[in-house]
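The values are calculated or read from the model by the stated rules, or taken from the named source; none is laboratory data. Treat the numbers as computed from the prediction; the structure is a model and nothing was measured. Here Cβ is always computed from backbone atoms with ideal geometry, including for glycine, and neighbour counts include all displayed protein chains. The accessibility values were calculated without ligands, DNA or RNA, using every heavy atom of the protein model including side chains. Shrake-Rupley method; radii C 1.70, N 1.55, O 1.52, S 1.80 Å.
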Amino acid sequence: MDFSGDSSLRGLVVPDGQAPKPNSIAKSVVFTVGGERIGVVGATTPTLPTISSPGAGIKVTPSNFPANPSPAQLDTLAAAIQPAVDALTAQGINKVILLSHMQQFQIEFGLAQRLRDVDVIIAGGSHSVFADNNDLLRPGARVASAYPTVFRSPKNEPVLVVNTGANYSYVGRLVTEFDDRGVINVASINPATSGAYGTDSASVATLTATNPGTPSPQVVATVDALRGVIVAKDRNTFGSTTTFLNGTRDDVRTQETNLGNLTADANLFAARQVDPTVTISFKNGGGIRDNIGAVDGSGGVVGGQVAKFPPPANPLANKREGQISQLDIENSLRFNNTLTLLTLTARQIQEVLEHGVADSAPGRTPGRFPQVGGVNFTFDVNRPANNRVTNITVVNEAGQVIDTIVNSGELVGNPDRTFRVVTLNFLANESAPGSGLGGDQYPFPRFVNENAQRTNRVDLVPAGTTPGFNVAGTEQKAFADFSAARFSTTPFNQVDTPPAQDTRIRNLDFQRSNLVGTAGNDTLTGGNTAQLIRGLDGNDRITGGPGNDRINGNGGNDTIFGGAGADFLFGGKGDDVLNGGEGADVLSGDLGNDTLTGGPGPDIFLIASGRGTDTITDFQDQIDKLGLYLGLTFANLTIRGAGSNTEIVLTSNNEVLAVLQGVAPNLITQADFVTASSAILPG
């Protein structure tokens, strides 16, 4: 980032590679810990100009960086970061941490494999939880990858990537050793001392039970000061709800939620006070920052029963359960965007929604994903770009269709007929001069540039006004007024639904049933729900979605990719290639000489006698497991080296059951094996 064009920030820039200074900006700093110098390099997402509002004076390199970069674009990003690392190593520093905020942890995974001399990457912005089996997690936690996830740099040295949930919901702790050359000893990482620690009361109670002590006076003073602010804002209420309002990041950025609907409708309500002709409301899901409600569950057990509740009572504020307060609204709509009115054509509305879903894919959480009011639409992520939206209808408050804009992927009627809409100024304002694109790269500014008179832009908050909670024309004020007007006597009661049951935004990928191939060579792609996918005979290419899929290649030489989610991959007969993708997967090559890759996350690789030799490409000691089935036990096995690899051998007849690539035999012990239960075997 270049701050030279920003008069407020350029004076804070100090030389790089020095000890940290207060009130300063630098590309890197150096900490001295126990006599050892540790370099820390900072990197933020190059998409910053389109997902936020840093100001025209701040330049970001590389420019025009997409939310879903290609390998070549990741190369460019790494090339922009590498000089800051090299400047530290030139000082003789051999332990370097990259503190990054790339929004999607897959980008940090890519950097780990491209940057030289970086040892640890602390990822940020994805709000994802990395964890191991020993970690104290909050109820309902979704584990995205192992803590840490291990990669190899271009110098073939280990690089650790860690990440924790946002909003102080977790504290991450990484304990590792370095050798004299500054190279991490991966075997030194103990899951009992490293990982994610949930900050909910159950996890804290578990920690204090084994580590009793007195809270820090500074922490107590901070909590007391914050409590006064919280109570004052929680006392100011606006209507109520009988149900949990879903503002979870992974949901508002991928599907319709009841809070997304409610806030879009609130903006429509506010706009109609100014212009009764406004029909449609568009906003980006990334503008919703949290739930309104509470989550409780089973003491942090991943996959345990989780209950969700309306906003909790606060006796100190005389707030009853279910009441929606100023605190709730400000926490969820933290940006407090102001509202803008525009007139768009039918063709432009189609373009807006196509853009809104253009970055949707399994494992993706784009901030651009739309939440809408006054309009319903259907999309299919498997269709070509710019042709994913298959249906768009305009509806009144009773849900009755008053116009059809798109039917079966085709624009209907006069493409130039117009509709008055309300959106956010963040989306309507040009993110870079002359680009014609607004926040999250929405095309609203281009529409204004093409025909300002027809578009008739009206900003509900005048320029120069500070958008506070009580300022008319802001999102927070719109939500407060709408909730007070509609839900003071009768509480809001629309329970959030899973994607398969959504009606305002219908994602066809969630409504596909189980998939079965043919006897030929099939290409099968699963949906976002948990599915059973069978390839049958033939050399099939099978890809699961982000759900917890069970994929069976059956006969033939199959290529199977699990995708996100906790998947079971079963190769069947033939020489198969299996890749679990993200999540805690179970992989069984079955008959044939198969190649198995677990991907990020703690995986189980099943091995048995008489089924061929499987090559396991990414076995991570103390994270992944080898599952024994069909009567096989650890006592039957011999562990031996084979060059840089380890072979798992049946002692009785010297049959090689599995080859662990790049793993030293001394690392493999009985602790790396589990007995496979019938629950995970193919059925």
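Report the residues of segment 553-571 in range of a label on Asn68: point 7 Å along Cα→C-beta, backbone N strictly under 12 Å from it.
Within reach of a label on Asn68: no residues.
In whole angstrom, note down how far apart the Cα centers of segment 406-445 and segment 36-88 are.
Spelled out, the Cα-based centre of one part sits 28 Å from the other.
With respect to the cross-link table entries Lys27/Lys59; Lys59/Lys283; Lys233/Lys477; Lys21/Lys59; Lys233/Lys319; Lys308/Lys477, which display a Cα-Cα separation exceeding 19 Å? If you can, show how the numbers build up before the last one.
Working: Lys27/Lys59 14 Å; Lys59/Lys283 26 Å; Lys233/Lys477 14 Å; Lys21/Lys59 23 Å; Lys233/Lys319 10 Å; Lys308/Lys477 26 Å.
From Lys27/Lys59; Lys59/Lys283; Lys233/Lys477; Lys21/Lys59; Lys233/Lys319; Lys308/Lys477, over 19 Å: Lys59/Lys283; Lys21/Lys59; Lys308/Lys477.
Between Lys59 and Ala484, what's the calculated FRET efficiency when r is the beta-carbon distance and R0 is 56 Å? Round to 0.05. Walk me through the intermediate numbers first.
Details: r = 44 Å, r/R0 = 0.78.
It comes to 0.80.
Can you give me the distance in nm between label points at Leu226 and Ala87, each placed 7 Å from the Cα along the Cα-to-Cβ direction?
3.4
Expected output is a single nm value to one decimal: the length gained when fully extending between Gln113 and Ala664, i.e. 0.36 nm times separation in residues minus the C-alpha distance. What is it? Mind dumping the intermediate values first?
On the way: separation 551, 0.36 × 551 = 198.36 nm, distance 2.10 nm.
Difference between extended and current length: 196.3 nm.
Over the chain, what is the percentage of antiparallel beta bridges among all DSSP beta bridges, to the nearest 5?
Values: 60 of 122 bridges.
Around 50 percent of the beta bridges assigned by DSSP in the chain are antiparallel ones.
Net charge near Tyr170, counting Lys/Arg +1 and Asp/Glu -1 over other residues with Cβ under 12 Å of its Cβ? Working shown, then result.
Details: positive: Arg138, Arg173; negative: Asp135, Asp200.
Charge balance in the 12 Å sphere: 0.
How high is the FRET efficiency from Asn521 to Thr615, r the C-beta distance, R0 30 Å, rounded to 0.05? Walk me through the numbers before you get to the answer.
Numbers: r = 23 Å, r/R0 = 0.77.
Efficiency for this residue pair is about 0.85.
Could you give the nm distance between label points at Asn654 and Gln218, where each point is 7 Å from its Cα heading toward the beta carbon?
Between Asn654 and Gln218, the label points sit 6.5 nm apart.
In whole Å, how far is the Cα centre of segment 561-587 from that of segment 153-217?
Value for the Cα centre distance between the two parts: 29 Å.
Residue by residue through segment 353-366, which ³J(HN,Hα) values in whole Hz follow from phi under the Karplus form 6.51 cos²θ - 1.76 cosθ + 1.60 (θ = phi - 60°), with glycine and proline marked x?
6, 4, 5, x, 9, 5, 9, 7, 6, x, x, 9, 10, x
Whole number in Å², please: accessible area per residue of segment 606-661, 1.4 Å probe, ligands, DNA and RNA not counted. List each step's numbers first, then the result.
Values: 2250 Å² over 56 residues.
Here the residues of segment 606-661 average 40 Å² of exposed surface.
Per-residue HN-Hα couplings for segment 464-470, Karplus 6.51 cos²θ - 1.76 cosθ + 1.60 at θ = phi - 60°, whole Hz, x for Gly and Pro?
Per-residue couplings from phi come out as x, 7, 7, x, x, 4, 9 Hz.
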